[in-house]
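Asker: Here it is, the structure, as structure tokens.
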Amino acid sequence: MAQVKSAQTVRDLFKAYPVIPALRTGKDVDRALKLAPRVVFLLGASVLDFAGKVQALQDAGHVVFIHFDLIEGLRADGAALDYLLASAPPEGVISTHKAVIDLAKKASLLRILRIFVLDSEAVRKGRELVAAVKPDFAELLPGVALTTVDERHIRDFSVPLIGGGLITELSQVHSILRKGVTAVSTSDTSLW
């Protein structure tokens, strides 16, 4: 699949497949290769194997977001992003760091800012960070917390939201999506 440069295209894929496979292991990548094309999050990779994983997933038609902070052997800086782009450019980058999101924007990659929503103050600061950084999406963690959080705490984010983390049941997926969240990421293969 050619690189997707449109957040709208990704949102359309989320409508068809709102559960995003979060791939941590080689076995997870192998399982994802058997799925219909969708958005996948590559969360487990090293400098030695990320290029092969990204290429295999793209060859299978998937739109790949790689968690830049979790690539073993790379620092979160411009040189590392240049290396990533030269080796196997994903469609997008996931990070908890503003600097990485800014670098990805300059490289015309789609961007997901990960935010930990541990309490109402963290949610407030997360909204402020999203407004300042302007990613294409924000992923709120732990996603399972979104099953009980009041919708007022999450509806004022200025970008589409993804819930991720500790989601292991279909009822949790449905609960999170009913809150207006666009998609849910999970490493639980039974939910893919």
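Laboratory data are not the source of any read-out in this text; all were calculated from the coordinates shown. Computed from a predicted model, the values in this text were never measured in an experiment. Every residue, glycine as well, gets a Cβ built from its backbone with ideal geometry; the counts of neighbours run over all protein chains shown.
Asker: Give the percent of DSSP beta bridges with both residues in the chain that are antiparallel, rounded to the nearest 5.
Answerer: Taking every DSSP beta bridge within the chain, about 0 percent pair in antiparallel fashion.
Asker: So, one more: How large is the dipole of segment 7-191 about the Cα centre if only Lys and Arg carry +1 and Asp and Glu carry -1, each at its Cβ, rounded to the nearest 20 debye? Intermediate results must be reported in sequence, preceding the final value.
Answerer: On the way: 22 positive and 21 negative charges, 72 e Å.
Dipole size: approximately 340 debye.
Asker: Output ³J(HN,Hα) for segment 108-121: one whole-Hz value per residue in order, computed from phi by the Karplus curve 6.51 cos²θ - 1.76 cosθ + 1.60 with θ = phi - 60°, and x for Gly and Pro.
Answerer: 3J(HN,Hα) across segment 108-121, in whole Hz: 6, 8, 5, 10, 10, 8, 8, 10, 8, 10, 7, 7, 5, 5.
Asker: 222 nm [θ] for the chain, helices only, -39500 (n - 2.57) per DSSP H run of 4+, per residue, to 500?
Answerer: Result for the chain: -10500 deg cm²/dmol, rounded to the nearest 500.
Asker: OK, next. Let me check against my output: what whole-number percent is the relative contact order of the chain, with C-alpha pairs under 8 Å and at least 6 apart?
Answerer: 20
Asker: Looking only at Asp150, Asp12, Asp49, which one moves most when the chain is put into a Gaussian network model with springs between Cα atoms under 10 Å?
Answerer: Maximum among the listed residues: Asp150.
Asker: Hey, another quick one. Of Lys15/Lys105; Lys34/Lys105; Lys98/Lys179; Lys53/Lys98; Lys53/Lys106; Lys15/Lys134, which sit over 28 Å apart, Cα to Cα?
Answerer: Lys34/Lys105
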